[in-house]
1. Of the residues 395, 348, 363, which single one is open to solvent by 30 Å² or more (accessible area, probe 1.4 Å) and more than 18 Å from residue 491 (Cα to Cα)?
2. Among the residues of segment 107-124, is there at least one that is touching a residue at least 60 places away in the same chain (Cβ under 8 Å), over 20 Å from residue 175 (Cβ atoms), open to solvent by less than 60 Å² (accessible area, probe 1.4 Å) and in a strand (DSSP E or B)?
3. Residues being out of contact with any helix residue (DSSP H, G or I) (no Cβ under 8 Å at 6 or more places or on another chain), touching a residue at least 24 places away in the same chain (Cβ under 8 Å) and charged (D, E, K, R): count how many of those fall in segment 254-293.
4. Which condition number does residue 57 fail, the rest of (1) surrounded by 20 or more Cβ atoms within 10 Å (Cβ to Cβ); (2) not in a helix (DSSP H, G or I) being met?
5. Testing residue 14 on (1) of a type in the set (Gly, Ala, Ser); (2) farther than 20 Å from residue 162 by Cβ; (3) surrounded by fewer than 21 Cβ atoms within 10 Å (Cβ to Cβ), one condition comes back false. Which one is that?
6. Could we say that residue 77 is outside any strand (DSSP E or B) and touching a residue at least 12 places away in the same chain (Cβ under 8 Å) here?
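The values are calculated or read from the model by the stated rules, or taken from the named source; none is laboratory data. For clarity, every value in this text was computed on a predicted model and none was experimentally measured. Neighbour counts are summed over all protein chains in view; Cβ atoms, including those assigned to glycine, are modelled from backbone coordinates with ideal geometry. Calculation scope for accessible area: heavy atoms of the full protein, side chains included, ligands and nucleic acids excluded. Shrake-Rupley method; radii C 1.70, N 1.55, O 1.52, S 1.80 Å.
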Amino acid sequence: MFSFSLPAIALSTSVGKDPGILVVGLAQTSDGDILVGLPDDRAKASAKALGVDLATLAAQLGGSAKNGKAVLVPLPAGQKLVVVGLGPIDVTAEQVRRAVGAAVRLIDALPAKAAQQVTVSLETAEPGIIKGAAEGALLATYRYGPTKAEQPGIASITLVSANKKPEAKQALDLAAATAAAVVQARDWVNTPANYLYPETFAEAARTLARTHKLGIEVWDEKALERDGFGGLLAVGGGSSRKPRLVKLSYAPRGARFHLALVGKGITFDSGGLDLKPADGMYTMKCDMAGAASVLATVAAIAQLGLRIRVTVWAAMAENMPSGHAGRPSDVLTMFGGTTVENGNTDAEGRLVLADALAKCATETPDLVIDVATLTGACMVALGLNVAGLMARDDETADMVLDAAEAAGESFWQLPIPEDASPKLDSEVADFKSTGDRYGGALTAAAFLSRFVPEEIPWAHLDIAGPAFNSASAHDYTPTGGTGMSVRTLIALAHSRAN
């Protein structure tokens, strides 16, 4: 499997004598566009040498104050400056994240030797803005490929901030750990399915556990059969790559809150006997993005030493057609004894999640969140850039939405309406796994909710749209796996840590 290493990042209170490529901002004010972060002496010297102020020159070269609009400005003596639009002067962390990401992506396209060192100077002072700038810079350097030659040329990033308080360094450390987790999730999602399948994915989790001193338990196909995980066995039965259930545990002393994260880990989804069309199958190596996100998240939480107990459950299977594959109309006995009529073998994610949720609930955590590239219906409803959030109560939903807002990820709350439950009625089992074609994301959430007791707060994140970007890369978002939900989960854990 391939892996990506992030460049080093550090804080400085001023722009050094040799900043490498310097990134500054162009912001909108009521009096016109102004440069942000360029030291006065450099601005005056450059304007004198060029015969024009840099804001005007940037505009002449195609730059603007529009958020994320970046332009390279050549300076005297071979120096280089990137001017990037920030939008309105009262910027949010996400505006800064996107702007810095766009600037670094522009720099990353330069020849490697020209882009070894980058300095970002945007007058960042608030911890949230520092974190946003650092994440944007780091995440924009990401590339996926099998050779070192394809790695970016940026070796180090310096973020200029006048904030000398410990909170500034804490924000940078949080950003670095978060970016590393996002990159780990991206790497797993981008790995071809003949390299990453349940067994190798479980081994990667073992490596993660050793690195971060996490507890780990793995159920192979024999253990899954012994303990009655009928959903995982049915979904994984059609493949020669047998299913796995992975549990990672982080339990620091003094932690008072127990967060359980459950991830869908379908390493390739052909649709099973309800076979997908060829065009819809090509990117289905990404169907394990939920498991990738929750595994990477607990690593970051452990790296940061947050005082919160976290248990991660990753349900891994490959959904393939064969003589051993599960059939539509089969009745499955899930973990805990609930019987389910399988409505469609391409609705496999909810089956593996149901097993993991039922097992997770036996530990009675304080909050359960499952993450999955679950339904095309959610993509139809919310598009490719917004993920769905469903919960049984608004308090739990608001907790997740607050974390998402702080992290800069886009979630939209969808309901679990009362009329979704009757769609799951079955004449041969306790209930069915699918309903009709209307409101499919809502019906899927109604199904999953049955495997988490009412007294345990629970939320379901459907990241089917934004987890994989098939379009061109932009700002800090690459083509391929995005690591969607990792930032939100880490922000949530940070807010609940004591």
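1. Among 395, 348, 363, only 363 is open to solvent by 30 Å² or more (accessible area, probe 1.4 Å) and more than 18 Å from residue 491 (Cα to Cα).
2. no
3. The number of residues fulfilling the criteria is 2.
4. Result: residue 57 fails condition (2) only.
5. For residue 14, the exception is condition (2).
6. The answer is no for residue 77.
Let's see how each residue does on (1) touching a Lys or Arg at 6+ places or on another chain (Cβ under 6 Å); (2) open to solvent by 10 Å² or more (accessible area, probe 1.4 Å); (3) outside any helix (DSSP H, G or I):
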| residue | (1), (2), (3) |
| --- | --- |
| 274 | no, yes, yes |
| 279 | no, yes, no |
| 290 | yes, no, no |
| 295 | no, no, no |
| 299 | no, no, no |
| 310 | no, no, yes |
| 313 | yes, no, yes |
| 317 | no, no, yes |
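Here is a yes/no grid of residues against (1) in a loop (DSSP other than H, G, I, E, B); (2) under 25 Å from the mean Cα position of the chain (by Cα); (3) among the charged types (D, E, K, R):
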{"residue": "390", "(1), (2), (3)": "no, yes, no"}
{"residue": "396", "(1), (2), (3)": "no, yes, no"}
{"residue": "415", "(1), (2), (3)": "yes, yes, no"}
{"residue": "420", "(1), (2), (3)": "no, no, no"}
{"residue": "423", "(1), (2), (3)": "no, no, yes"}
{"residue": "434", "(1), (2), (3)": "yes, no, no"}
{"residue": "454", "(1), (2), (3)": "yes, no, yes"}
{"residue": "459", "(1), (2), (3)": "no, yes, no"}
